[in-house]
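Read through the structure below, which is laid out as structure tokens, and then see the notes.
The values are calculated or read from the model by the stated rules, or taken from the named source; none is laboratory data. In this text the structure is predicted, and so the values were computed from the model without any measurement. Cβ sites come from the backbone with ideal geometry, for glycine too, and all protein chains shown count toward neighbours.
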Amino acid sequence: MRKIYKRLETIFWELANSKLILVGYIPFHHIRRLFYRFYGIKIGSGSTIHTRAKFYYPPKIIIGRDTIVGEGAVLDGRDQLIIGNHVDIASEVMIYNAQHDINDENFKAITAPVTIEDYVFIGPRAIILPGVKIGKGAVVGAGAVVTKDIADFAIVGGVPAQVIGERNNKNPNYKLGRAAWFR
């Protein structure tokens with residue numbers, strides 16, 4: 001019986017994800033956000049998710065206040081995904097918290113939570129892998145692949161991401177500005 005329930009739950013969320021893909025093409029930010037909240041994404045005030053975003057299991061995704069998620073981003077909720085306040089996630093960023101165990105004889109899926117703290121900037125087409133914590137004020141360069149935790153205010157880049165600098169402002173308190181309503 002448990003196996004049947006799990007299969008039905010999977011089918012439900014696959015259908016929901018396909019609807020959310022379509023919602024991602026609605027050109028009005030406020031309408032998209034309404035649908036995303038309906039499907040269980042917790043979105044803080046002043047935050048926006050631009051067009052063409054994709055989600056895996058939305059109820060485990062939490063987005064803080066004044067956070068912007070760029071066009072075509074992938075947000076994985078198969079395990080807990082927590083994105084803090086005043087976070088800027090650029091276009092086509094992929095954040096995963098599930099992957100296959102390549103050493104398992106059945107290639108089973110494994111999950112681990114991802115946490116992105118306040119005032120983080122993630123550059124375009126960066127990839128964040130399962131189990132990663134990105135510290136407050138950190139910067140992830142464009143195209144970086146983050147495989148391990150990043151310290152507060154570190155600047156990382158490359159494949160795999162390595163520390164390439166440190167952010168000077170250790171007390172950020174900015175707001176990201178108004179959402180682009182039609183993006």
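From the set of residues in segment 53-84 that are of a type in the set (Asp, Glu) and assigned to a loop (DSSP other than H, G, I, E, B), which is nearest to Val120 (Cα to Cα)?
Asp66
Does Ile41 satisfy the condition of being among the β-branched types (Val, Ile, Thr) and in contact with a Lys or Arg (Cβ under 6 Å, 6 or more places away or on another chain)?
Answer is no for this residue.
Taking the condition of being on the phi < 0 side of the Ramachandran plot, surrounded by fewer than 19 Cβ atoms within 10 Å (Cβ to Cβ) and not small (Gly, Ala, Ser), how many residues in segment 93-114 meet it?
13
What number of residues within segment 144-163 satisfy the criterion of being touching a strand residue (DSSP E or B) at 6+ places or on another chain (Cβ under 8 Å), part of a loop (DSSP other than H, G, I, E, B) and surrounded by 14 or more Cβ atoms within 10 Å (Cβ to Cβ)?
Total satisfying the criteria: 4.
Report every pair of residues separated by at least 6 positions or lying on different chains whose Cβ atoms are under 9 Å apart, first residue within segment 37-64 and at positive phi, second of a type in the set (Phe, Trp, Tyr).
Close Cβ pairs satisfying both conditions: Gly40/Tyr57; Arg52/Tyr25; Tyr57/Trp13.
Evaluate segment 162-182: report whether one residue or more is charged (D, E, K, R), without any contact (Cβ under 8 Å) to a residue 12 or more places away in the chain and within 21 Å of Ile49 (Cβ to Cβ).
Yes, some residue in segment 162-182 is charged (D, E, K, R), without any contact (Cβ under 8 Å) to a residue 12 or more places away in the chain and within 21 Å of Ile49 (Cβ to Cβ).
Is segment 3-12 home to any residue that is modelled with pLDDT under 95, part of a helix (DSSP H, G or I) and surrounded by 17 or more Cβ atoms within 10 Å (Cβ to Cβ)?
no
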